[in-house]
Amino acid sequence: MATNEQSVITIDGNEAAAYVAYRVNEVCAIYPITPSSAMAELADEWSAKGVKNIWGNSPEVIEMQSEGGAAGAVHGALQTGSLTTTFTASQGLMLMLPNMYKIAGELTPAVFHVAARALSAQALSIFGDHQDVMAARTTGFALLAASSVQEAHDFALIAQAATLRSRIPFIHFFDGFRTSHEVNKISLIPESVIREMIDDRLVLDHRERALNPDNPFIRGTAQNPDVYFQGRETVNPFYDSVPGIVAQEMREFAELTGREYAPVRYFGAKDADRVIVLMGSGAETAIETAEFLAESGGKTGVVQVSLYRPFPANDLLATIPAGVKRIAVLDRTKEPGATGEPLYQDVLVTYTEAFTEGRVGEIPKIVGGRYGLSSKEFTPAMVKTIFDNLELESPKNHFTIGIIDDVGGTSLEIDNAFGLDESGWTQALFYGLGADGTVGANKNSIKIIGENTDLFAQGYFVYDSKKSGAKTVSHLRFGKKPVRAPYLISSADFVACHQFNFVEKEEMLAQAKPGAVFLLNSPYGPDEVWDNLPQRVQKQVLAKGLKLFVIDAVEVARETGMAGRINTIMQTCFFALSGVLPRDEAIAAIKKAIEKTYSKKGRLVIDKNFNAVDRSLENLHEVSVPSAANAADGAFRGMPDSAPEFVRTVTQMMIEGRGDEIPVGAMPVDGTFPSGTSKYEKRNVSDRAAVWEPDLCIQCGNCGFVCPHSVIRSKFYHRENLEGAPAGFKSAPVNARGFPETKYSLEVYAEDCTACNLCYDVCPVTDRSGGGRAINVLKKPEDLDPLRDRISFFESLPNIARTEVNYSTVHGVQFLEPYFEFSGACAGCGETPYVKVLTQLFGDRLLVANATGCSSIYGGNLPTTPWTKDAAGRGPAWSNSLFEDNAEFGLGMRLTVDKQLSMARSLLERLRKEVGEALADEILTAPQELESEIGEQRVRVALLKDRLIGLDVPEAKHLFSLADQFVHRCVWLVGGDGWAYDIGSAGLDHALASGKNVNVLVLDTEVYSNTGGQMSKATPTAASAKFAAAGKRVGKKDLALQAISYGNVYVAQIAMGANPQQTLLAMREAEAYEGPSLVLAYSHCIAHGIDMEKGLLQQKLAVDSGYWPLIRYNPVLRKKGLNPFVLDSTKPAIPLRKYAYNELRYKVLTQTNPTEAETLMQLAQEIVDLRWKTYEEMAGFGAAAFRPVI
Amino acid sequence: MIDITTRYMDLELRSPLVVSANPLSQKVANIVAMEDAGAGAVVLFSLFEEQIRQEAAMVDEVYRATTNAFAEASDFFPSLEDYAVGPGQYLEIIRQAKEQTSIPIIASLNGVTPEGWIEYAKDIEQAGADALEINVYFIPADIRLRPDEVEQRYVDIVTMVRETISIPIAVKLNPYFSAIGNTALRLQEAGADALVLFNRFYQPDFDIEELKAVPNLDLSEPSEIRLPLLWIAVLYGRIPVSLAATTGVHGAREMIKYLLAGADVAMVASAILKNGIPWIGAILDDLETYMDAMNFISVGAFKGSMSQRHISDPTAYERSNYIQIVDSKAWR
């Protein structure tokens, strides 16, 4: 029985695990990776706040440059006697594997806490499954699987206790997102229990075994064939003891807390004849279902495996009821080519061995199946289906559940009519935007309910993969019985729509239970809203008898001075309507939470929120629902006919949220997808868009140049082309002299515009009468058809030939088609304008290696992707390999280009007579510096290919396949600072040192933007970031100078907002240089804590302050005997603080530690001054001061 | 022994030189240096409610747009939740200044809303400020706004703050009221203990190439003392309030003029921004030299001696100023 008083807490799985891990360790070495990052961040935060472990000291937390680095540091700290941990997932765990063999081989106690996640194979996925931990099962680490938030908390401690006792290191894992991000109400392990579970004698033993010059020995020898094998076998007894030790620790834990666990547990009917064996969060679903079926006489059971390695074979045999005839073993992983997935194989071997040894008389029929890859839903209906499969005469083996496999026929057909009795819970769904605070408010509601009542609570949050206009769906359950339901809500008592425009495009009410409450944030009042609902929604409301409520939350927010902040208002309405708590009690609890949240923001803010709560209740109205639908049957606007079939069918289903229904046969077999699909997904994320004023415009091209989403396009054309222009199509005389018949048009793809305002910000023209500019961001019209007609007409205008464009000016570049458009990047993104310009300049002959990070997500996350092609079918060939290897990956591309060109040249020499000597010579000697020369070469290559078709010799076929290489190809390696400065640093260094013609574009946001603002070596002094909460004390790495030190690397530092012309020049010079190039691009980012509309201004201030000097180092100049180092920006005109303190990343420290902030700001200023001085001196040197270049 | 002490509101000051609101007081070390140099009191830089609100809105927006918005990143900043937007830092400066100095510390508040005035005035009093200077800084750009409404706005603010706090209140006035004397009287009746004449507005300049208004603030010049000088001379002794002169005090000369006109204190900012904090000592030395030469044993001995009350024909004083100016050589 529990002897310790336990408090309850509402937290997610990451926090639950980290809470314990922090308290039983002394060192944490980590690297951020989704979905485990939060564990490390919490540890760092606690350490910074001085939270103590059970020995009364604060663990040392260090962020490393990669997971490989983290594992190395963990190994070192362990070997010298520290209790050390790390937190990771997926590719991170893969990078740790080499060290894990070492740590296990040396019998070193440690626990790695893993939020288990899919691996990058045909595609990256951030979501949960067991592929990563299964790939680590050969390392010698024990594997302990938690299936819930409570278990993630408890097993973190049990693993630590067991590793100390057994000396075998543990991976403690739980399902990424499903458990790591699920918020649930759990019992908190008291500090006293943690204390009791950890035996200090074992800690001292660990320290005793450590490397120590006062008692020296060597560990890590190299062994020869004579002894290595024996050495490897020495550990067997240790492994044999682990299941027993784990079981013992679990018993002790149960004594202390009342929560009983075992390495293998059985749930369900005592007389079960069918059982499912599995581990992880799916076990909860399976157990609930098996027990539900058993209640009505079903002979169903579940065996939950918690300890997976060392595999507790005896426990498994002892646990499975004797009468079991059929077993389905489920693996949340995929091992292509194997005889079965790992757990299935282990169960089979267990039975086979037992049978062989006579310990069991017969072997049940055992089948294996795969489920839940990449967080694929795993529901009670699926569990029921698996039990049904076991009842068949010949149950399907190697089955899949949760997908439709029309290729291999592996999938089981799911009985979707089946569901568990969920009447004990109130289930609520909330549809909101990432930026509207819906998820935050819901997390807050769960805490209010979970921690103020005896109700149990669960929250799970689904995000879409876009960074602008991202939709969120919150799934909340409350009830008197514990919520063990790790799957999405399909039968909601309450549905809230926080954005009115969702009624048109989102399917929200399919999951509503009959009689449910539907709360709508609506600009229309209770009397008007019905007439403004689509027919589909009206019918659903009527058919299900939903109770419809409306509130104009936007207006209430405006009235109460909370403009734009609807979350508190909608949260209040939820409490008022859902009945989870008595209304008065709920409101009092919300107000208490507000006081807690805003305690540091002052009474005014608190009162404003209180007022918003009160006003919400006054403005919440029930709608008297008419008896019939009266809206017209609005047709869903699908994909245009021009879209490729794949897009119209497969992609469309993903966009509609029906991706789960896509069968295996519709998916590409090798992860290859068509280019340019984002143009078909008109997301309309904003109700505003840029609008061009032709009369004011000076046609400078600035707006299009900086547009992060490539929605602003320009063309010039003969005025005759205007014939047939739709009403409202705008044009102006081109503002170049001597072309009276030429017109200019600028068109805005308003449905793709995010209204970021950067275009307005850079527009140099102001309307002297009205104050507007030549481009303004205005509310979009309700009827978008005329706008679509204008865009169609614009697209029908002739494109400007690439040979006719002046590439050297911003004005000229506006006429180049971008090959990167309508990405899912944040509104006002500071990275994408550079990417877009890169594609404008070189897009039709560009190979891109893209490091994992923001740019690979907005560049390559389904359903639609922005890298596109032109009418001739040419465009960037883009790929993402990994995070750490991008430089090598890109270098590999270059090697192919060079090799294939060399092969092509050789073949052409051999076939010169057959194809025509003149043509061969022209191709082999053609200059390709100018776009016109590229165009001419393309014509020659086409002619060559024509001639090769007629030649029936093997060389001709090979040359035909290689001939395109005769057109100069550009290889660019694109990635963020996390890649270039940290994890990919060594590879980047090597690629630059290779001398090969690779071009590197570093989109430098100075933090890990994609994973949430963790410090990188690009993070500047005085800024705070995660893992540098107290302000970065070390200076940013000067990557430019490092690269310059090679002498033969072209290096540029650019900032579009400060000098777009220099940006253009640098990118062109980098490409033109026949060697390695490095372009460092200042990229403002939401992680800077700025008003994103002012991102370009911040770039300018960064340059004006001397923080980001604009430079170009061109080895070509050195070859000519000139100074290769050019400083393009002028002397600092403002102090650093004038730039820095516009950004929260700097300012936050002035609040939390003003003295330190001042010290660091002065240090940062000194660094800026020194760097400027260095650069200024370099700019004044003669050529001889720099390394000579051959 | 020359006595340069003075009384401002109910505060006993060691000298009539008060440092008016300026950025130097953002650092407590500077306030200590001001005391060391001889300042009688320090008016802290202004706490601007609007600035707090703007910053709060920005922090709120950043927090909202970046928190719980993405699957991979539930937030982006290590301690944004704890980011205290509000008067906290300002109040901390008051506390520290009080701990580290013995001269009166006068806070300066520029509110926007009634709640802002009340809330922050309370905070300031609780933090230990010896007095509060109300810096209304209101430009009535709305042409429908009547003069009496503008005046009433000032009176309402003073009334509201007076009801909220018990420390002395000074009101910093601008010179653009149609009847400054009456406004001053009404403010005193509403609870003002001192009037500070006058506030200098930031008057934007125009960039004629960019066609933009450019914020601009030039330091004051000694020649600017005349308008305050006139009104201090007019008001002295006629309304039971303390008078503080601000604008244009660059040396003892201007300070002496203000004292002669009837000011209890003269406030200095531009001169020390230009010449450094030790300049305070230089001004006071010169004041003592002057008093010694003039045989004034105390500030009280000559304060207000050139005020309107002490002129034999006050009406003439009022007219003569105009006549003297238009008749001066400067116009010839």
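The values are calculated or read from the model by the stated rules, or taken from the named source; none is laboratory data. Model, not experiment: these values are computed from the prediction. A quick note on method: Cβ atoms are made from the backbone with ideal geometry, for glycine too, and the neighbour counts reach across all protein chains shown.
Please pick out the residue among A:184, A:212 that is closer than 27 Å to residue A:462 by Cβ and touching a residue at least 12 places away in the same chain (Cβ under 8 Å).
A:184
In the stretch A:14-30, which residue that is within 14 Å of chain B (Cβ to nearest Cβ) and of a type outside the set (Asp, Glu) is farthest from residue A:160 (Cα to Cα)?
Going through the stretch A:14-30, the residues within 14 Å of chain B (Cβ to nearest Cβ) turn out to be A:14-15, A:18.
Those left that are additionally of a type outside the set (Asp, Glu): A:14, A:18.
Numbers: A:14: 16, A:18: 12 Å.
So, considering only residues that are within 14 Å of chain B (Cβ to nearest Cβ) and of a type outside the set (Asp, Glu), the one farthest from residue A:160 (Cα to Cα) is A:14.
Conditions first: (1) in contact with a strand residue (DSSP E or B) (Cβ under 7 Å, 6 or more places away or on another chain); (2) crowded, with 16+ Cβ neighbours inside 10 Å. Residue A:733 passes all but one, so which condition is the exception?
If we test residue A:733 against (1) in contact with a strand residue (DSSP E or B) (Cβ under 7 Å, 6 or more places away or on another chain); (2) crowded, with 16+ Cβ neighbours inside 10 Å, just (2) comes out false.
Any chance you could count how many residues in the stretch A:19-58 are more than 17 Å from the chain's Cα centre (by Cα), in a loop (DSSP other than H, G, I, E, B) and of a type in the set (Ser, Thr, Tyr)?
The number of residues fulfilling the criteria is 1.
Given the criteria under 16 Å from residue B:191 (Cβ atoms) and modelled with pLDDT under 95, does residue B:139 qualify?
Details: under 16 Å from residue B:191 (Cβ atoms): no; modelled with pLDDT under 95: yes.
Criteria not met by residue B:139.
Please enumerate the residues belonging to the stretch A:481-502 that are in a loop (DSSP other than H, G, I, E, B) and touching a Ser or Thr at 6+ places or on another chain (Cβ under 6 Å).
A:486, A:487, A:498, A:500
Within the stretch A:627-637, take every residue that is out of contact with any Asp or Glu (no Cβ under 9 Å at 6 or more places or on another chain) and not basic (Lys, Arg) and give me the one that is modelled with the lowest pLDDT.
The qualifying residue modelled with the lowest pLDDT is A:635.
Assuming residue A:1164 fulfils every condition listed in (1) more than 14 Å from every other protein chain (Cβ to nearest Cβ); (2) part of a helix (DSSP H, G or I); (3) surrounded by fewer than 18 Cβ atoms within 10 Å (Cβ to Cβ); (4) out of contact with any Phe, Trp or Tyr (no Cβ under 6 Å at 6 or more places or on another chain) apart from one, which condition is it?
(3)
Tally the residues that are surrounded by fewer than 24 Cβ atoms within 10 Å (Cβ to Cβ) and more than 23 Å from residue A:1043 (Cβ to Cβ), restricting the search to the stretch A:1068-1091.
Qualifying residue count for the region: 2.
Only one of these conditions is not met by residue A:853: (1) at pLDDT 95 or above; (2) of a type in the set (Gly, Ala, Ser); (3) surrounded by fewer than 20 Cβ atoms within 10 Å (Cβ to Cβ). Which number is it?
The number of the failed condition is (3).
Just to check your reading of the model, which residue among A:1138, A:1147, A:1173, A:1131 is without any contact (Cβ under 8 Å) to a residue 12 or more places away in the chain and of a type outside the set (Asp, Glu)?
A:1173
Return yes when residue A:528 is out of contact with any helix residue (DSSP H, G or I) (no Cβ under 6 Å at 6 or more places or on another chain), in contact (Cβ under 8 Å) with a residue 60 or more places away in the chain, of a type outside the set (A, V, I, L, M, F, W, C) and over 23 Å from residue A:421 (Cα atoms) and no when it is not.
no
Hand me the list of helices (runs of 4 or more DSSP H) wholly inside the stretch A:579-675 holding 1 or more residues that are surrounded by 12 or more Cβ atoms within 10 Å (Cβ to Cβ) and aromatic (Phe, Trp, Tyr).
So the answer is A:603-618.
Identify all residues within the stretch A:574-622 that are within 14 Å of chain B (Cβ to nearest Cβ), of a type outside the set (A, V, I, L, M, F, W, C) and within 23 Å of residue A:525 (Cβ to Cβ); write none if there are none.
A:611
Would you kindly identify the helices (runs of 4 or more DSSP H) lying entirely within the stretch A:795-895 that contain at least 2 residues that are within 30 Å of residue B:62 (Cα to Cα) and among the small types (Gly, Ala, Ser)?
The qualifying helices (runs of 4 or more DSSP H) are A:854-860.
Given the options B:177, B:138, name the one that is in contact with a Ser or Thr (Cβ under 6 Å, 6 or more places away or on another chain), within 23 Å of residue B:244 (Cα to Cα) and without any contact (Cβ under 8 Å) to a residue 60 or more places away in the chain. Before you say what the answer is, go through the steps one by one.
Values: B:138 fails: in contact with a Ser or Thr (Cβ under 6 Å, 6 or more places away or on another chain).
Criteria check complete, one pass: B:177.
Conditions (1) without any contact (Cβ under 8 Å) to a residue 60 or more places away in the chain; (2) farther than 23 Å from residue A:477 by Cα, marked per residue:
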site	(1), (2)
A:386	no, yes
A:409	yes, yes
A:424	yes, no
A:437	no, no
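How do the pairs read when you match residues in the stretch A:662-674 that are in contact (Cβ under 8 Å) with a residue 12 or more places away in the chain with residues anywhere that are of a type in the set (A, V, I, L, M) and outside any loop (DSSP other than H, G, I, E, B), using Cβ under 7 Å and keeping only pairs 6 or more apart or on different chains?
A:662/A:650; A:662/A:653; A:666/A:650; A:674/A:647
Just wondering, is there one or more residues in the stretch A:441-456 that are over 21 Å from residue A:287 (Cα atoms), out of contact with any Leu (no Cβ under 7 Å at 6 or more places or on another chain), outside any helix (DSSP H, G or I) and in contact (Cβ under 8 Å) with a residue 60 or more places away in the chain?
yes
Being among the aliphatic types (A, V, I, L, M) and more than 12 Å from chain B (Cβ to nearest Cβ) is the filter here; which residues of the stretch A:1115-1160 pass it?
A:1116, A:1117, A:1122, A:1126, A:1127, A:1133, A:1134, A:1136, A:1140, A:1160
Picking from B:236, B:176, which residue would you name as being of a type outside the set (Gly, Ala, Ser) and in contact with a Lys or Arg (Cβ under 9 Å, 6 or more places away or on another chain)?
After ruling out the rest, the residue left standing is B:236.
Restrict the check to the stretch B:26-46 and report whether at least one residue is outside any helix (DSSP H, G or I), touching a helix residue (DSSP H, G or I) at 6+ places or on another chain (Cβ under 8 Å) and among the hydroxyl-bearing types (Ser, Thr, Tyr).
Taking every residue of the stretch B:26-46 in turn, none turns out to be outside any helix (DSSP H, G or I), touching a helix residue (DSSP H, G or I) at 6+ places or on another chain (Cβ under 8 Å) and among the hydroxyl-bearing types (Ser, Thr, Tyr).
Quick check on this structure: which one of A:43, A:71, A:18 is among the small types (Gly, Ala, Ser) and touching an Asp or Glu at 6+ places or on another chain (Cβ under 9 Å)?
A:18
Would you mind stating whether residue A:491 is surrounded by 23 or more Cβ atoms within 10 Å (Cβ to Cβ), in contact with a helix residue (DSSP H, G or I) (Cβ under 7 Å, 6 or more places away or on another chain) and not basic (Lys, Arg)?
Working: surrounded by 23 or more Cβ atoms within 10 Å (Cβ to Cβ): no; in contact with a helix residue (DSSP H, G or I) (Cβ under 7 Å, 6 or more places away or on another chain): yes; not basic (Lys, Arg): yes.
So residue A:491 does not fit the description; no.
With the checklist (1) without any contact (Cβ under 8 Å) to a residue 60 or more places away in the chain; (2) away from every other protein chain (no Cβ under 13 Å); (3) hydrophobic (A, V, I, L, M, F, W, C) in hand, flag the one item residue B:58 doesn't pass.
(2)
Being of a type outside the set (A, V, I, L, M), in a loop (DSSP other than H, G, I, E, B) and within 11 Å of chain B (Cβ to nearest Cβ) is the filter here; which residues of the stretch A:990-1031 pass it?
Those that are of a type outside the set (A, V, I, L, M), in a loop (DSSP other than H, G, I, E, B) and within 11 Å of chain B (Cβ to nearest Cβ): A:1005, A:1009, A:1010, A:1011, A:1012, A:1013, A:1024, A:1027, A:1031.
Within the stretch B:78-112, restricting attention to residues that are free of Cβ contacts under 8 Å to residues at least 12 places away in the same chain and of a type outside the set (D, E, K, R), which residue is nearest to residue A:127 (Cα to Cα)?
B:78
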